[in-house]
1. Could you tell me how many degrees, from 0 to 90 and to the nearest 10, lie between the Cα long axis of helix 167-184 and the main elongation axis, the longest principal axis, of the Cα atoms of the chain?
2. Taking other Cβ within 10 Å of each residue's Cβ, how do 479, 322 sort, fewest first?
3. Among rounded, prolate and oblate, which fits region 133-174 when a ≥ b ≥ c are the square roots of the eigenvalues of its C-alpha gyration tensor, a/c under 1.5 means rounded, and a/b larger than b/c means prolate?
4. Mind running the shape call on region 99-218? Use the C-alpha gyration tensor, a ≥ b ≥ c as the square roots of the eigenvalues: rounded below 1.5 for a/c, prolate if a/b tops b/c, oblate otherwise.
5. Fewest to most neighbouring Cβ within 10 Å: what's the order for 63, 144, 408?
6. Mind pulling the angle between the C-alpha long axis of helix 453-464 and the longest principal axis of the chain? Nearest 10 degrees, somewhere in 0 to 90.
7. With a ≥ b ≥ c the root eigenvalues of the C-alpha gyration tensor of region 94-147, is it rounded (a/c under 1.5), prolate (a/b larger than b/c) or oblate?
8. Could you let me know the centre-to-centre spacing of region 268-346 and region 187-221, using Cα atoms, in angstrom?
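What follows draws every value from the coordinates through simple rules; no lab data is involved. Small disclaimer: the values here were computed from a predicted structure and weren't measured. Virtual Cβ from ideal backbone geometry, glycine too; neighbours counted across all protein chains shown.
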């Protein structure tokens, strides 16, 4: 970044488009699945044929309410649809059905972790709308191709207040949004599929100023890293312009990741350019209080509240808590283990170590793990009661549980003679036998060669055949050698 960049404060507002995982489109029964044959998920309604009438998808309304409640928004009870008029080749009707004056959600905020500190970004609104089709420019050297499968797919647009102050904050904001919509099961959050897209409104001003200068909108950022790089690139460009006495035009720009620069797409439209007016073919939707309450009951624990519980109530590390709340299935599995044990740290260690390693090795999701959380909790109890060592649990018993998912870890340990003895008399006999094998080494140890402890410990463990508690064995061995 430029040396004079510290003079400037970055002002960022994000518009996040969430593609909903409904079975049909926003205003007709067309299916939509990513990767379908181009122009196969269409009908006269989504193609904008004259005389066709849209019908709102009530699942879209419920998803909007769910997201609004999760983000502490106020739910608008009287909802009008509006037409936003503009022409693109991939927008067959020549207008988009959206919301203008009555967005379904207002206010609210996104809370996320930023450099280990909690940060809140207030929201302006969330509204329902439909997507346009897709223009493809890189398959034919002479023509742009149009795929209208995506036309009419339901979107929720989250509009933030201009309170984001860096590209890293924007990155973390988007990460939290993706995590949340996946927890709510309303969107898969895959930016590479276009299920989550972002436009960034960017301006800079002198530190200490309250002036909001002309902003530039950078469109259709399709990866988290591109969002961060595009913001940094545009901020750098604006600072150079101001430092050279120029001014910034309000415009829409594209980001070229290969050149790491933004380029002008068009002059930024104002609301009047879209000629919004009420959608005449859809009656206003009235959302009654009982519908809101019904949706509220479907919302389970959310990632931010789970993170706070893990770090405060359970005293887990920031890192562990972040990973355990990264996706819903992981959080559900961890919560299910904790129904049977209060040993939170051991449970987290097994989740982050043994279980995660197994999932990575087999390339499976935690929802595909056949071992029940109750049996993992039983394994934790064996460790905590010092009946088995952590190594025995992870390297011997767990692999057996993978092969026999319904088997009790205690029965597996007993069957294989892996229950370790905590009897001091037995351990003393093992120590005496191990020490008696190396009389000269004992003298060397007493003369200062403390590294020989490992030799004696290894011999004792060999004699014990895994049945002695390693900690007790180590303690008694030290006492014996230090006499």
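1. Here the helix axis deviates by roughly 80 degrees.
2. 479, 322
3. Oblate, since a/c reaches 1.5 and b/c is not below a/b.
4. Prolate.
5. 144, 408, 63
6. Value to nearest ten degrees: 80.
7. Since a/c reaches 1.5 but b/c is at least a/b, the shape of region 94-147 is classed as oblate.
8. Cα centres, region 268-346 to region 187-221: 23 Å.
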